[in-house]
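Written below as structure tokens is the structure these notes are about.
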Amino acid sequence: MSNDTPFFNDQRVDHVLPSDDQYSFLHVKAFGLHNHLSADPWSTEYIYFIDKKWKIQRYIHSQTPSRVEELREVWELPSHHERRPGHYNPSMSFSSPELVVLTDGAGTLHLVNTGPRAGTAAWEPVHTLQKCHTDGAHLVLNTTTRVGCQLWRVETATPVKGSVPSRYQQVLFSEEVCGKETPFTILHSRTVDHEEVHCLLLHIDDRSAAGDSKETGPVFLNMVEWVTLVQGDSSTWSVRSVRRLCGPGNLDYTALEDTCSSVYIASDKPFHYTMDSENTIIEDKTEPLPITDASKPEYIWQQTSEDVTVWFQLPAMSIKSDINIVSDPNTLEVQWHDSILLGGSTCHRVDSTLTTWTLDAGKEGNPRQEEAGRVLGIASRGATCLGKCYE
């Protein structure tokens, strides 16, 4: 058996373990399933990770297993914190071809302009030019970059005979967005119109931190912070809004949709908003409906790439003559006495010659889709489409 995992020698990944206070299943999942490798969607040949010195290392895909064609440091996280128990693993998310958001896992979110990442040895240095003067054979640039509340002064020398670099690496934003010394990890980020960056950040806290005063229920909750950064008129970036979603269940998947107007969450328990800096949260006080015979579904169904099977619950004394099924290439209707149980147009053609139905303790029909490789959706009452039809 061969080991296809690259070996990075001294560039060890900064792997953080949960502290004694981070003992819940939610913590175990967040730490245990954390992926230290970050792919760049705009430069797919590159893979990145953060080492123990908080340096961003990049390596190039190799067609040969266990071989790294190139491993190079491209940037270094500003050191605002010292590693201590309770922190999360450092993480990053590429928001656009020239923007990336990073965190040290200790509570600070950085938005960095990397410049074009494809084909460069390192992320291009960017600073705000304040003044310049010549010094012998060199042009000296005295520059200042604002990082949070700190000012960094950098002095760079560039040969006069060459042109001054047109792009310089710039830390556009750097703040503790989830609260002072509140650590988090980055789940996802997207850029909208080059002037907005949306980030989904995760930290796990107890119910009291989420403002939940219930005496029963899980001790810890997932807290997903939806942070929106915007670029102002003076090209400075700031926080426009912060929304918080909380939920007690397994957080299997979280992502922003393409326009950043909503969030996708896959979990076995519901999530709800507990904070929104832009809008008032309207609490849903409706009680769940009790489960009665009237609330049972009219039918249940399942489908494969070729077949759709539908089950109907009928009275126990039903016989075949009580049932009438009409199956055409583009319509389907199931009738019991004078009641239409299912009727409407299909999203794709149905092979009516292969449509069968049986009565087994009062159930079922099985329409077969004519063209393999497509999913069939059936319209109920001519209005509601079941399933998603796609090529």
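Here, each number is a calculation from the coordinates, and none is a lab measurement. All of these numbers come straight from a predicted model, not from anything done at the bench. Note that each Cβ is placed from the backbone with ideal geometry, even for glycine, and that neighbours are counted across all protein chains shown.
Excluding Leu200 itself, calculate the net charge of residues whose Cβ lies under 13 Å from the Cβ of Leu200, where each Lys or Arg counts +1 and each Asp or Glu counts -1. Numbers along the way, then the final one.
Numbers: positive: Arg190, Arg243, Arg244; negative: Glu225, Glu257.
Cβ neighbours under 13 Å give a net charge of +1.
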Exercise for the section: Can you pull the one-decimal nm distance between simple spin-label points at Glu298 and His337, each 7 Å off the Cα toward Cβ? Expected result: 1.6 nm
Problem - Over 30 Å (Cα to Cα) - which of Lys53/Lys269; Lys53/Lys180; Lys52/Lys269 fall in this group - result: Lys53/Lys269; Lys52/Lys269
